[in-house]
Amino acid sequence: MTMLQHAFDLQSPRLAPRPVPLVSRVIGLISPILFLTLTLQVFLRANLWGWSVGIAYILYDTALLLFTAWSILPLRHAARPVTPPLPATRPTLGVIIAARNEAPVLGVTIDRLAKQEDPPELILLADDGSNDDSARVLKELYGLTMPAPGEISGPAPGMPALRWLRLPHGGKARALNAAIIHVDTDLMLTVDADTLLAPGSLSAMRRAFAVEPELVAATGVIRPICGPQLSGRIFETFQRYEYVRNFLSRYAWMRQDGLLLISGAFAGFRRDAVLEVGGFDPECMVEDYELIHRLYRHSAETGRGWRTRVIGDAIASTDAPASPLAFLRQRRRWFGGFLQTQHWNRDMVGNASFGKLGTRMLPVKAVDTFQPIYGLTAFAVLISLFLTHGIALAVPILSVMVAKVALDLSFHLWSITLYRRWTGQTDGLGLGVAVLVSFAEPFTFQLLRHAGALWGWGAFLSGRESWVKQHRTAIPLLAEQV
C-alpha cells in the first residue's frame, strides 16, 4: 500500500505524447486561421460584414444551441417516478472529500452525507495539509483525534463510516490519489467540501452504476449557491441559468457517447477503472476532466465499451463564486485546465478510433478553445465600428444581435421546462428572471466569463496555476444555522 502511494506521488498517470494525425492538426488550425481572416474584415469592409467575427461567433453558438435543443427532446417526456429499489447486486460506495482549510463547511458537508437515506459505507476526508481550525472542528463534532501526517484516523465515535486521512499539502489530485488507496468499495464518489448533496442523491448514483456495468464515471447535476450579499445574489442568478444550460448540454453529449465533463465536485467512479488508468493527474489544473479523457482512451484501446453519464436525479448544491475576482479565478483555472487537456489529447481530435468522441465532441472542443477570443474580439470590433461609422452600421448589427437574443430566450424558456421535468428542481428558476438574464447576459456575465477564459489562456501558456482556496459565502451560513 505504501509503495502504491509512493508511485502515485512520483508518477504522472498521463500517457506519453502520441503521434498527431493530419486530420487533428487541420482541425486545430481552423479556428485561429478563420479568426484572423474574419477579424481583418473590419479593415476591409464598412458594412455588416466588417463584423464578420461577431457573425461567426453568433452562428457557431447558434449551431451548438440547435444541437442541444434536438438532443434534449426526449426530456419532453421525462417524469419523476417513484424511486425504484436498488438491484439485488448492490455495489458498495465510498465518498472522498478532498479539502484544504475548509473548517467552516466540513460539519455541514459531512453531516449531509451521513444523513442520506442510503448512506455510504465510507466517508474519507482527504485533508491536504490544512492549517486552519479543521482539527478542532473534527475533534468537537466527531471526536476524531488528529492522525500523524500520512496516517488515517480510526472510525469516528457515533459515525463509524467517517475517517480522517491527514496529508502533506500537495494539491487536490495527490490528495485524491492518496485517498483511493484507503477506499475498499466498488464505487468511489468525489465530493468537494463546499458541496451539499440533496436527499436521495447517493441512492441515484449507486443505482446508475448497479444497472449499467459499463458505466465508469458519472456526474450529478449541480446547482450553484452564493451568499446573501447583493453581489452574491447577482452572481447566483446568472450562474444558476448557466448551470441549467451546461447540464442540459452534458445530457446532449451523453446521448452522443461523448460526455467529457464529469464535475469533480460531485462525481462517481468505478474505483478499479480509475486505478487501471493511473488515478488523477497532479500536473493538470482540472484533474477530473483530464481523467475522463484517459478513461475514454483506455476504453477505446482495450475494447471495454466504457461509458459516462449525467444522472438527473442525483442533485447537489455547491458554493459558487460570489464576486467578480473569485469568478474570474475559477474560470481561469477551468479554462486553463481545459486547454491543457485538449493539448495533451490532440491526437484524439477527429480520430475515428475514438468513435463519436473523436469525430464529434473533440472537434467541437477544438473550436471552443478560441470561442472566448472570438467573443471578446467581436465585442471590441462592435464598439470600434460604432465609433468610426456611427448609426450607419447600428441597425443591421443590432438586428442580428436582437434576433440572436430572441432565439436564445426562446430556447432558454423551453429548456427550463425540460430541466424541471428532468431533475425535479424548480427553486430559483423563474421564467420572469430568465427573460431578464437572457437580455442582460450577452453584455455582462458572458463578457466576464470570456475574460476569465482569456486569463485561462495565460495560465495554460505559463503553466502557473494551483488549487486556490475560494472564499465561501453560502455554506458557512448554513453551518451556523445548524
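FYI, it's all coordinate maths here, none of it is from the lab. These numbers were taken from a predicted model, which means no experiment stands behind them. Counting neighbours? That spans all protein chains shown, and the Cβs are built from the backbone with ideal geometry, glycine included.
The figures follow:
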item: Cα-based helix-to-principal-axis angle, 201-211 vs the chain, degrees rounded to 10; result: 90 degrees
item: Kirkwood-Stokes translational diffusion coefficient of the range 296-352, alpha-carbon pairs, 37 °C, 0.692 mPa s, µm²/s; result: 222 µm²/s
item: Relative contact order of the chain, defined on C-alpha pairs under 8 angstrom at six or more residues apart (%); result: 22 percent
item: Inter-site label distance for T89 and A148 at 7 Å from Cα along Cβ, in nm; result: 4.2 nm
item: Loop sites in the range 246-310: trypsin sites (Lys or Arg not before Pro), DSSP, at most 16 other Cβ within 10 Å; result: R255, R304
item: FRET efficiency estimate (nearest 0.05) - Cβ-Cβ, R360 to S231, R0 35 angstrom; result: 0.35
item: Bins of 10 Å from zero: percent of alpha-carbon pairs in the range 80-333; result: 7, 31, 37, 21, 4, 0
item: When the range 20-69 is reduced to its Cα atoms, the Kirkwood hydrodynamic radius in Å; result: 12.3 Å
item: Rounded FRET efficiency, nearest 0.05, which uses the C-beta distance separating N131 from L44 and R0 of 60 Å; result: 0.55
item: Mean ellipticity per residue at 222 nm, deg cm²/dmol - from DSSP H runs of n ≥ 4 across the chain, formula -39500 (n - 2.57); result: -17000 deg cm²/dmol
item: Cross-link reach list, lysines versus K356, counting only Cα pairs under 21 Å and skipping chain neighbours closer than eight places; result: K365
item: Equivalent ellipsoid semi-axes - Cα gyration tensor, the range 131-281, angstrom; result: 29, 23, 15
item: Cα radius of gyration and Dmax for the chain (Å); result: 22.9, 74
item: 0 to 90° range, to nearest 10: angle between helix 445-462 axis and the chain longest Cα axis; result: 70 degrees
item: Longest to shortest principal axis, alpha-carbon extents of the range 239-324, angstrom; result: 43, 30, 19
item: Sequence-distant lysines (8 or more away, or on other chains) whose Cα lies within less than 16 Å of K172; result: K469
item: Residues with amide H under 5 Å from that of G227, placed H, sequence gap 5 or more; result: T473, A474
item: Virtual spin-label span in nm between L431 and F67, 7 Å along Cα→Cβ; result: 2.9 nm
item: Cα shape, the range 324-455, gyration tensor, a/c 1.5 rule; result: oblate
item: Cα-based Rg and Dmax for the range 257-395, where Dmax is the largest Cα-Cα distance (Å); result: 19.1, 63
